[in-house]
Amino acid sequence: MKSMLILDFDGVLVDSEPVNFASWDEAFFQVLGVRLDDPRKWRVGLSLSGIYELWSQVEASDEKKMELLALKRKLFFSMGAEGLKLMPGSVELIRKAHSLGWYVAVASRATRNRVHQTFEIVGMPAFFDLVLGGEDCIHPETDRKDHAKAARLFGIDPAVCVVIEDSASGVMDARAGGIGRVIGLTSSLDAETLRAAGAHEVVASLGAIKLED
């Protein structure tokens, strides 16, 4: 039976979480004059509404939120020009999935444009059968990431798919979507947190993941 490997983007395929935080913090400082009072409050997998709430010292209007988002995107690429890099083992894992005849997809809260631009910066080969950005796979009402959408588009049962996530919210969303094997990667959070979120297994590196035919 055909299967699919579905990968998160930030913190799974690209080592981008530090740049992600720094660009948001700088955007809030330039637009609203505030920084996050305690960087330890930053959590991977936050939605836009969650990010705006995190820097909640100043209430931002909808116009300011649009300005913040546009500036953050600009800062992400300027800050990340030299700091962004592929996660170790990512290329090898994707090649292994392809050798087994699997489809490979990305499901991210980042916009599709940011995913593709970042791949260009870090030199990620054109490996993917499908790239879903936040505009494609984040449910507008529940704010959940629908990993299983990638499987459905290819007529694959989500129960035979593998998802790799580095955030607790991503793990929970994958489990809620009926993904059969959800792997937590400890690039951003500790193993206990990812297991508590429902990960079937937890690994410290992509190289530790075994895919089976």
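Dipole magnitude for segment 17-83: about 120 debye, using +1 per Lys or Arg Cβ and -1 per Asp or Glu Cβ, origin at the Cα centre. From least to most packed, judged by other beta carbons within 10 angstrom and beginning with the fewest, Ser188, Ser56 follow the order Ser56, Ser188. Positive end of the charge dipole of the chain (Lys, Arg +1 and Asp, Glu -1 on Cβ, about the Cα centre): tell me which of Phe29, Gly123, Ser167 has its Cα farthest that way. Result: Gly123, furthest along the dipole toward the positive end. Only Lys, Arg, Asp and Glu carry charge here, each on its Cβ (+1 for the first two, -1 for the last two); on that basis segment 95-213 has a dipole of about 160 debye about its Cα centre. Couplings 3J(HN,Hα) for segment 110-116, derived from phi with the Karplus relation 6.51 cos²θ - 1.76 cosθ + 1.60 (θ = phi - 60°), are 5, 5, 4, 4, 5, 4, 5 Hz, where x marks Gly and Pro.
What the phi angles of segment 94-102 give under the Karplus curve with 6.51, -1.76 and 1.60, with θ = phi - 60°, is a coupling list of 5, 4, 5, 4, 5, 5, 8, x, 7 Hz, glycine and proline written as x. Length gained on full extension, Leu211 to Met1, computed as 0.36 nm times the residue gap minus the Cα-Cα distance: 74.2 nm. Close amide H pairs (under 5 Å, H built 1.01 Å from N) link Glu201 with Val182, Gly184, residues at least 5 positions away or on another chain.
So what's the projected area for the chain, the Cα convex hull averaged over all directions, in nm²?
Seen from a random direction, the Cα hull of the chain projects 11.2 nm² on average.
Positive end of the dipole of segment 71-121 (Cβ unit charges, origin at the Cα centre): among Val91, Val106, Phe76, the Cα lying farthest that way belongs to Phe76.
Scalar couplings 3J(HN,Hα) for segment 121-131, obtained by applying the Karplus form with A = 6.51, B = -1.76, C = 1.60 to θ = phi - 60°, are 5, 8, x, 6, x, 7, 8, 9, 6, 7, 10 Hz; x denotes Gly and Pro. Put a plus charge on the Cβ of each Lys and Arg, a minus charge on the Cβ of each Asp and Glu, and nothing anywhere else: the dipole of the chain about its Cα centre is then about 320 debye. Each of the GluC sites (Glu not before Pro) that DSSP puts in a loop and that has at most 16 other Cβ atoms within 10 Å breaks the chain; the longest unbroken stretch is 60-140. Here the chain carries DSSP beta bridges of which approximately 10% are antiparallel, counting only pairs with both residues inside. Within the straight-line cut-off of under 17 Å between alpha carbons, the lysines reachable from Lys65 are Lys74, sequence neighbours fewer than 8 places apart in one chain being disregarded.
Read the figures in this text as sums done on the coordinates, not as results from a lab. Everything numeric in this text was worked out from a predicted model, so none of it was measured. A quick note on method: Cβ atoms are made from the backbone with ideal geometry, for glycine too, and the neighbour counts reach across all protein chains shown.
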